[in-house]
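One structure below.
The values are calculated or read from the model by the stated rules, or taken from the named source; none is laboratory data. No experiment lies behind these values; they were computed from the predicted model shown. All Cβ positions, even for glycine, are placed from backbone atoms using ideal geometry, and neighbour counts span all protein chains on display. What goes into the accessible areas is simple: the full protein's heavy atoms, side chains included, and nothing from ligands, DNA or RNA. Shrake-Rupley method; radii C 1.70, N 1.55, O 1.52, S 1.80 Å.
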Amino acid sequence: MLVRNLDYLSIPKEFSKVELDIYDNKFITLVYIQQKGYSLVLKNNEEIDSVFLLKTDILPNNVNDHSDRQDFINVIKMLLDKIYSGADIKEYEKQHQEHVFLRLMDMLNEQSDVEMINEDNSQIYKDIEKGFMKLELDIMDNKINALNSSISNVSSNLDSTVKDMEEKSWENRIKKTLKDFEGN
């Protein structure tokens, strides 16, 4: 009998969501999924344009010295670049990615303008739930593929080692036979 515990796939029943109006009815939404990570959502006129999942253990109240901080900010930069592409505004009027990151985290930390979303009241919740399940399965697939590759490499190396040993053994036998033959 095979048994699998799928607790790692379960996610909280409610997420905290905050949103910043960036430019021209384009918003960046940050959704915090406790003990899983975050989702960054780019919305254009209330329509979802892009959804990114960030599996990290960064907490809203402790973002300064985390190793994932820069990667998180880079995703925000990518979203901001998409928002500002084609916009005819001065560079200093554009919001900086680190500033947006800190504002979103402060909003979550201070519980200001936080909306609780769940399966019943939000399509974003459903998308994130499916996305995190897929992400966890993809992570498992990658680990399995890496393990299979390692096993294959070890097996291949073992085969070539055995062949080398056999060749040397036969070579030694032939040399011994030839020496014996020459000696007679």
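Some observations on this one:
- Surface accessible to a 1.4 Å probe, per residue, for the residues of the chain, Å²: 69 Å²
- Taking the convex hull of Cα positions in the range 10-137, its mean projected area over all directions (nm²): 8.0 nm²
- The GluC sites (Glu not before Pro) of the range 1-105 that DSSP puts in a loop, and whose beta carbon has at most 16 other beta carbons within 10 Å, are Glu46.
- Rounded to the nearest 20, the size of the Cβ-charge dipole of the chain about its Cα centre is 920 debye, with Lys and Arg at +1 and Asp and Glu at -1.
- Eligible lysines near Lys36 by straight Cα distance, threshold 29 Å, same-chain separation 8 or greater: Lys13, Lys17, Lys26, Lys55, Lys77, Lys82, Lys126, Lys130, Lys134, Lys143
- Within the chain, the longest run free of exposed loop sites, counting trypsin sites (Lys or Arg not before Pro) that sit outside DSSP helix and strand states (H, G, I, E, B) and have at most 16 other Cβ atoms within 10 Å, spans 95-184.
- Scanning the chain for long hydrophobic helices, with DSSP H runs required to stretch 18 angstrom or more by C-alpha along their axis and to average at least 0.0 on the Kyte-Doolittle scale, returns 69-84.
- Value of relative contact order over the chain, rounded to a whole percent, pairs C-alpha under 8 Å and six or more apart: 20 percent
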